[in-house]
Amino acid sequence: MKFEGILICTDLDGTLLKKDKTVSHENLEAIEYFKREGGLFTFITGRMPYFVSDIYNTIERILLESKETGRPEGVIAEEF
């Protein structure tokens, strides 16, 4: 697989998210392709989990689909 063993972690504001706080169709397709080719993808943020739930739900199908890779993936959040 082309991206086996490569992890991409991205910030949200000004990186993954557009100015209107959505993820572009092009980025979603690129993430899907990256994962299909063996890559691991997640986002990192200093925001509280409840502030990112809409963003997470937008890309949830990409983050949680592990059928092709066989690897579990999801969200890690530190509870305070």
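A viscosity of 1.567 mPa s and a temperature of 4 °C, combined with the Kirkwood radius over C-alpha pairs in the Stokes-Einstein formula, give segment 1-47 a diffusion coefficient of 115 µm²/s. Solvent-accessible surface of protein heavy atoms, probed at 1.4 angstrom with all chains present, puts ILE59, ILE8 in the order ILE8, ILE59, largest first.
For LEU17, what accessible area in Å² do you get when you roll a 1.4 Å probe over the heavy atoms of the protein chains, rounding to the nearest 10? In the full protein context, LEU17 sits at about 10 Å².
The values are calculated or read from the model by the stated rules, or taken from the named source; none is laboratory data. Since we're looking at a predicted model, the values are computed, not measured. Ligands, DNA and RNA are excluded from the accessible area calculation, which covers all protein heavy atoms including side chains. Shrake-Rupley method; radii C 1.70, N 1.55, O 1.52, S 1.80 Å.
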